[in-house]
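Q: Before anything else, here's the structure in question.
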Amino acid sequence: MSELEEAFRALKRLTPSRLRLEPGAGAAPLSAVLDFQASHASARDAITMPVDWAGVTRAIAPAEAIAVHSRADSREVYIRRPDLGRRLREADLARLPKGPFDLAIVVADGLSAHAVNDNGGALVAALLAAFADLNVAPVVLVEQGRVGIGDEVGAALGADLVLVLVGERPGLSVTNSLGAYLTRSPKVGTPDSARNCVSNIHGKGGLSLADATHKINWLVRYARKLGVTGVGLKDLSDTVPLLD
Amino acid sequence: MSYSHVAGGETHRFQSLAQVMAAATPLRSGDELAGLAASSEANRVAARYVLADLPLTTFLTEALIPYEADEVTRLILDTHDVAAFAPFRSMTVGDLRNWLLSEAADGPALARAAPALTPEMVAAVSKLMRNQDLIEVASRIEVVTRFRNTVGLKGHLSTRLQPNHPSDDLRGIAAAILDGLLQGTGDAVIGINPASDSIANCTDLLKALDGFRQEFDVPTQSCVLTHVTNSIQIIEAGGPVDLVFQSIAGTQAANDGFGVSLSVLKEAHEAALSLNRGTLGQNVMYFETGQGAPLSAEAHHGVDQQTLEVRAYAVARAFDPLLLNTVVGFIGPEYLYNGKQVIRAGLEDHFCAKLLGLPMGVDVCYTNHVDADQDDMDTLMCLLGASGVNFVICVPGSDDVMLSYQSLAFEDARWMQRRFGTRPAPEFDAWLQKVGLSDGTGALSDMNHFVKRLGKVA
């Protein structure tokens with residue numbers, strides 16, 4: 001290999017970008033075209049395919065799970081009407097037990113079924129173990145749900161804190177990333193500035209399940225201590241130790 | 001005032017000018033989401049009949065967003081050039097469409113029309129134009145701007161090289177810049193969207209870009225796309241700011257959502273001018289816009305998203321930008337649902353901005369939840385090439401690994417140059433030939449040396 005080829009190989013390692021670094025190159029090579037198409041197809045599938053909710057329920061058993069649906073009846077409506085993905089079907093509202101609870105955990109498909117299928121159940125199980133000392137509501141599984149659905153669910157359950165785990169918008173390189181949003185005193189219309197977010201939870205160089213559990217646990221403990229989430233609660237989980 | 005049109009025995013009534021404008025717009029998800037879209041396909045065409053007969057002067061007497069409530073409306077009406085408008089004073093919107101498509105509307109005539117027309121007039125006429133009409137008229141308009149090179153000349157197509165990195169790693173960014181230069185891109189701007197908006201990080205990125213530009217004597221400009229107030233602070237601290245960037249929108253309330261106002265933009269414009277860094281010209285601003293931004297900020301005043309988008313160009317026009325581009329497929333499927341809607345919007349945005357005299361480029365792009373793919377982007381880039389777009393945005397392999405969306409690839413820009421017989425900005429083109437990067441021959445005299453120096457600068 002020439003010195004230049006070696007230099008180009010070294011440069012490609014510096015970024016996840018699809019670098020070509022080929023002087024005098026013409027049309028993109030077929031291998032790059034097909035690789036791109038495979039990545040895009042995976043992202044599209046993550047968005048359009050349904051979550052295996054039975055699998056998620058099995059993964060968190062024996063903890064109780066309640067399956068509900070947002071007011072967005074289909075994937076197309078979900079994408080066109082962000083407002084409906086934030087509200088629960090009225091009939092489902094009545095199926096939620098009235099607390100009070102310290103914490104409610106909500107799992108929503110969001111924009112990635114892959115994210116929920118791959119890591120949703122395992123993350124909930126790890127969190128339930130971490131919160132064994134708290135009064136946690138039955139886990140609520142929401143079909144066609146956005147982050148904001150946690151506000152209505154949390155309020156109906158009478159939860160002091162609601163944690164929403166949701167599939168993030170897939171990129172070309174990562175299609176199964178989960179996001180976690182923590183909100184205190186949830187109610188319909190809560191602004192995003194009142195939430196803390198832990199994003200990029202996935203196994204492809206993202207936040208591992210163990211690290212995500214630690215971060216979320218830290219945020220929950222300090223949210224309870226300080227009585228606030230959002231801009232008033234800075235994530236210092238990397239430096240400040242967990243409360244007892 | 002209400003408007004109506006009778007068609008097929010049915011009377012279509014519209015309660016306001018805003019309703020006529022919204023109903024006349026080609027179908028898009030954002031207007032449906034806002035509850036502003038036509039009630040039926042027949043209703044849409046009825047609204048177009050109303051628009052066709054509407055005198056242009058209506059837009060000077062009937063503000064879609066009240067003068068008292070919105071500084072963008074005030075800007076538009078207070079800066080309207082009455083003398084330039086004289087030849088258009090007796091025209092309807094339909095007459096304007098016919099004039100635009102006539103031989104009388106050549107380049108110089110269209111340039112004279114720019115200050116005569118308000119964004120609302122331009123939005124209205126675009127709603128009566130098919131895609132080929134938007135391409136035809138746009139292709140006759142030449143809008144030229146200058147900083148360290150000349151962007152927008154006929155026969156030239158410029159590119160923004162967008163070397164984003166998920167953690168702003170300087171060496172990773174340098175590698176992406178090299179990839180872009182090897183394919184002859186980067187003359188409109190080498191512009192980074194920073195992963196972290198901190199002043200310190202943005203200053204580091206700017207210094208690296210500026211060091212690279214000076215080391216290789218590249219006749220282009222750099223930009224770190226951070227908030228305008230950050231750029232003002234960086235300028236005050238002596239940072240090497242070529243272009244000041246800001247996302248803008250067509251209502252005061254939506255701009256408020258972006259954390260900007262006309263007075264803040266004026267302050268930034270003056271700060272950038274004070275540095276006097278341009279060698280060929282002093283177009284120092286870079287703006288981005290996109291249909292749907294005001295609705296997402298709940299600041300749309302019942303006006304359709306395309307009309308609001310064109311009002312944003314009045315904001316841009318007040319500050320003589322070097323570059324303006326729509327991020328057409330980026331705002332999301334709740335505003336532009338699929339490839340068809342993105343393609344139409346891209347052509348509208350380009351035409352409307354050009355007619356208002358702005359140096360318009362397009363980020364030919366989509367997110368993964370938009371129902372679109374590379375074939376749709378190929379179509380849009382072809383149509384924009386035929387329209388004479390000032391510049392497009394390019395990333396390695398179409399994949400922006402920081403913002404997680406797809407834009408054009410460096411190869412796409414090269415394809416457009418070949419297909420449409422265009423060249424990069426003349427000064428940049430000459431530099432490419434000087435260093436041996438022209439025409440993709442890769443005859444860079446000493447690539448090893450180039451790569452090593454690039455690594456050193458980063």
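The values are calculated or read from the model by the stated rules, or taken from the named source; none is laboratory data. Every value quoted in this text rests on a predicted model; they were computed, and no experiment measured them. Neighbour counts are summed over all protein chains in view; Cβ atoms, including those assigned to glycine, are modelled from backbone coordinates with ideal geometry. Heads up: the accessible areas ignore ligands, DNA and RNA and are worked out on the full protein's heavy atoms, side chains in. Shrake-Rupley method; radii C 1.70, N 1.55, O 1.52, S 1.80 Å.
Q: Taking the Cα atoms only, what angle lies between the long axis of helix B:410-420 and the longest principal axis of chain B, rounded to 10 degrees?
A: 60 degrees
Q: What ³J(HN,Hα) values, in whole Hz, does the Karplus curve 6.51 cos²θ - 1.76 cosθ + 1.60 give for segment A:89-106 when θ = phi - 60°, with x put for Gly and Pro?
A: Each residue of segment A:89-106 in turn: 4, 4, 4, 6, 4, 5, 8, 8, x, 8, x, x, 10, 6, 8, 10, 10, 10 Hz.
Q: Follow-up question, since we're still on this one. Considering only DSSP beta bridges whose two residues both sit in the protein assembly as shown, what percent are antiparallel, to the nearest 5? Mind showing how you got there, number by number?
A: Numbers: 24 of 67 bridges.
Of all bridge pairs located within the protein assembly as shown, approximately 35 percent are antiparallel.
Q: Would you work out which of A:VAL162, A:VAL188, A:ALA130 lies farthest towards the positive end of the dipole of segment A:53-232? Charges go on Cβ: Lys and Arg +1, Asp and Glu -1.
A: The residue sitting farthest along the positive end of the dipole is A:VAL188.
Q: Find the all-direction average of the projected area of the Cα convex hull for segment A:77-162, expressing the result in square nanometres with one decimal place. Working shown, then result.
A: Working: hull surface 22.0 nm².
Mean projected area for segment A:77-162: 5.5 nm², to one decimal.
Q: Then there's this: Do me a favour and compute the ellipsoid semi-axes for segment B:3-139 from its Cα gyration tensor, root of five times each eigenvalue, largest one first, whole Å. Don't jump to the answer; show the numbers that get you there.
A: On the way: eigenvalues 123, 73, 39 Å².
After diagonalising the Cα gyration tensor, the semi-axes are 25, 19, 14 Å.
Q: Relative contact order for segment B:3-139: what is it in percent, counting Cα pairs under 8 Å that are at least 6 residues apart? Please list the in-between numbers first.
A: Working: 146 pairs, mean separation 31.3, N = 137.
Reported relative contact order: 23 percent.
Q: While we're looking at this one, here's another question. Determine the shielding of peptide A:78-87 by partner chains: average, over its residues, the number of Cβ atoms on other chains within 10 angstrom of each Cβ. Write out the running numbers ahead of the final one.
A: Details: counts 2, 8, 8, 4, 4, 2, 0, 0, 0, 0.
That works out to 3 on average.
Q: Which whole number gives the average count of other chain Cβ atoms within 10 Å of the Cβ atoms across peptide A:172-181?
A: Numbers: counts 9, 4, 2, 1, 0, 1, 0, 0, 0, 0.
That average works out to 2.
Q: Got a sec to turn the phi values of segment B:384-401 into Karplus ³J(HN,Hα) couplings, 6.51 cos²θ - 1.76 cosθ + 1.60 with θ = phi - 60°, whole Hz, x for Gly and Pro?
A: In residue order, the calculated couplings are 6, x, 5, 7, x, 4, 5, 7, 10, 9, 10, 10, x, x, 6, 10, 7, 7 Hz.
Q: Roughly how tilted is helix B:170-182, in degrees to the nearest 10 and between 0 and 90, from the longest Cα axis of chain B?
A: 80 degrees
Q: Can you quote the Å³ per residue value for the convex hull of the Cα atoms in segment B:333-374, rounded to an integer?
A: On the way: hull volume 2.7 nm³, N = 42.
So the per-residue Cα hull volume is 63 Å³.
Q: A further question follows. I'd like to know which of B:PHE428, B:GLY397, B:ALA254 lies farthest towards the positive end of the charge dipole of segment B:145-448, counting +1 on Cβ of Lys and Arg and -1 on Cβ of Asp and Glu.
A: The residue sitting farthest along the positive end of the dipole is B:PHE428.
Q: To continue, here is another question. What's the local net charge at B:VAL137, with K and R +1, D and E -1, over the other residues with C-beta under 13 Å away?
A: Details: positive: B:ARG97, B:ARG130, B:ARG140, B:LYS354; negative: B:GLU103, B:ASP106, B:ASP133, B:GLU136, B:GLU142, B:GLU348.
Here the count lands on -2.
Q: Among B:GLY332, B:ALA318, B:LEU308, which residue has its Cα furthest toward the positive end of the charge dipole of segment B:296-379, with +1 on Lys/Arg Cβ and -1 on Asp/Glu Cβ?
A: B:ALA318
Q: Let me ask another. If you count, for each residue, the other Cβ atoms within 10 Å and average over each peptide, how do A:187-194, B:70-77, A:107-114, B:52-59 line up from highest to lowest? Write down the numbers at each step before the final one.
A: Working: A:187-194: 13.0, B:70-77: 20.2, A:107-114: 27.1, B:52-59: 18.2.
Highest mean packing first, the order is A:107-114, B:70-77, B:52-59, A:187-194.
Q: May I ask you to derive the relative contact order of chain A, considering only C-alpha pairs under 8 Å and at least 6 residues apart, and to give it as an integer percent?
A: Working: 451 pairs, mean separation 44.7, N = 244.
RCO, chain A: 18 percent.
Q: Near the amide H of B:HIS12, under 5 Å away, which other amide H atoms are found, from residues 5 or more places off or on another chain, if H is placed in the peptide plane?
A: B:HIS5, B:VAL6, B:ALA7
Q: Dipole of chain A, Cα-centred, from +1 at each Lys and Arg C-beta and -1 at each Asp and Glu C-beta, to the nearest 20 debye?
A: Working: 27 positive and 27 negative charges, 95 e Å.
That gives chain A a dipole magnitude of about 460 debye.
Q: Expressed as a rounded percentage, what relative contact order does segment B:145-448 have, with Cα pairs under 8 Å and six or more residues apart?
A: Working: 621 pairs, mean separation 71.5, N = 304.
Answer for segment B:145-448 is 24 percent.
Q: Give me a single rounded figure for A:22-29: the average over its residues of other chain Cβ atoms within 10 Å of their Cβ. Let's see the in-between values first.
A: Values: counts 5, 12, 9, 8, 5, 3, 7, 1.
Partner Cβ neighbours, averaged per residue: 6.
Q: While we're here: Quick one: Karplus J couplings for segment B:193-208, per residue in order, coefficients 6.51, -1.76, 1.60, θ = phi - 60°, nearest Hz, x for Gly and Pro?
A: After applying 6.51 cos²θ - 1.76 cosθ + 1.60, I find 7, x, 6, 10, 8, 5, 4, 4, 5, 4, 5, 4, 4, 4, 5, 5 Hz.
Q: If you don't mind, there's one more thing I want to ask. Can you give me the orientation-averaged projected area of the convex hull built on the Cα atoms of segment B:232-348, in nm²? Could the numbers behind the result be given before it?
A: Working: hull surface 30.4 nm².
The orientation-averaged projected area of the Cα hull of segment B:232-348 comes to 7.6 nm².
Q: Where the centroid of each part is defined by its Cα atoms, how far is segment A:138-193 from segment B:1-44 in Å?
A: 37 Å
Q: Based on the mean of other Cβ atoms within 10 Å per residue, sort peptides B:177-189, A:128-140 so the most packed one is first.
A: Numbers: B:177-189: 27.2, A:128-140: 16.8.
The packing order, highest mean first, is B:177-189, A:128-140.
Q: Using a cut-off of 14 Å between beta-carbons, work out the net charge of the residues near B:SER387 (Lys and Arg +1, Asp and Glu -1, B:SER387 not included). Display every interim value, and only then the final one.
A: Values: positive: B:ARG130, B:ARG140, B:LYS154, B:ARG344, B:LYS354, B:ARG419; negative: B:ASP133, B:GLU136, B:GLU142, B:GLU348, B:ASP349.
Once positives and negatives cancel, what remains is +1.
Q: Quick check: net charge around A:PHE131, other residues with Cβ under 11 Å of its Cβ, Lys/Arg +1 and Asp/Glu -1? Spell out each step's value before the answer.
A: Numbers: positive: A:ARG221, A:ARG224; negative: A:ASP102, A:ASP133.
Net charge around A:PHE131: 0.
Q: Using the alpha-carbon atoms, what tilt in degrees (0 to 90, nearest 10) does helix A:209-226 show relative to the longest principal axis of chain A?
A: With rounding to tens, the tilt is 40 degrees.
Q: If you don't mind, there's one more thing I want to ask. For segment B:309-348, which chymotrypsin sites (Phe, Trp or Tyr not before Pro) are both in a DSSP coil and crowded by at most 12 other Cβ atoms within 10 Å? Mind dumping the intermediate values first?
A: Working: sites: B:TYR313, B:PHE319, B:PHE330, B:TYR335, B:TYR337; in loops: B:PHE319, B:PHE330, B:TYR335, B:TYR337.
Qualifying residues, ordered by number: none.
Q: With viscosity set to 1.567 mPa s and temperature to 4 °C, compute the Stokes-Einstein D of chain B, Rh being the Kirkwood radius across alpha carbon pairs; µm²/s, no decimals. Provide the component values of the computation, followed by the final result.
A: Details: Rh = 22.3 Å.
The estimated diffusion coefficient comes to 58 µm²/s.
Q: What translational D, rounded to a whole number of µm²/s, comes out for the protein assembly as shown from Stokes-Einstein when the hydrodynamic radius is the Kirkwood one over Cα pairs, at 20 °C and 1.002 mPa s?
A: 80 µm²/s
Q: Mind checking which aspartates and glutamates have their Cα closer than 18 Å to the Cα of A:LYS12? Skip sequence neighbours fewer than 8 apart in that chain.
A: Within reach: A:GLU3, A:GLU22, A:ASP35, B:ASP168, B:ASP169, B:ASP179, B:ASP399, B:ASP400, B:GLU411.
Q: Now for a different question. Please give the charge dipole size of segment A:99-195, origin at the Cα centre, charges +1 on K and R Cβ atoms and -1 on D and E Cβ atoms. Round to the nearest 20 debye. Write down the numbers at each step before the final one.
A: Details: 5 positive and 10 negative charges, 33 e Å.
Roughly 160 debye, rounded to the nearest 20.
Q: Scale the Cα Rg of segment A:14-147 by the rule-of-thumb value 2.2 N^0.38 Å and send over the ratio, two decimals. Walk me through the numbers before you get to the answer.
A: Values: Rg = 19.8 Å, N = 134, 2.2 N^0.38 = 14.1 Å.
With N residues counted in segment A:14-147, Rg over 2.2 N^0.38 Å equals 1.40.
Q: Dipole magnitude of the protein assembly as shown about its Cα centre, charges +1 at Lys/Arg Cβ and -1 at Asp/Glu Cβ only, in debye to the nearest 20?
A: Working: 60 positive and 81 negative charges, 35 e Å.
Dipole about the Cα centre, nearest 20: 160 debye.
Q: Another question, then. Of all the accessible heavy-atom surface of the protein assembly as shown, with the other protein chains kept in place and a 1.4 Å probe, what percent is carbon and sulfur?
A: Here it works out to 51 percent.
Q: Let me ask something else. Take the alpha carbon gyration tensor of segment A:53-232, find the square roots of its eigenvalues, order them as a ≥ b ≥ c, and report rounded if a/c is under 1.5; if not, report prolate when a/b exceeds b/c, else oblate.
A: On the way: a/c = 1.26, a/b = 1.03, b/c = 1.22.
Rounded shape, in that the Cα axes give a/c under 1.5.
Q: Rounded, prolate or oblate: which fits segment B:49-97 when a ≥ b ≥ c are the square roots of the eigenvalues of the alpha-carbon gyration tensor, with rounded for a/c under 1.5 and prolate only if a/b beats b/c? Can you show the working numbers first?
A: Values: a/c = 3.22, a/b = 1.47, b/c = 2.19.
In terms of gyration-tensor shape, oblate.
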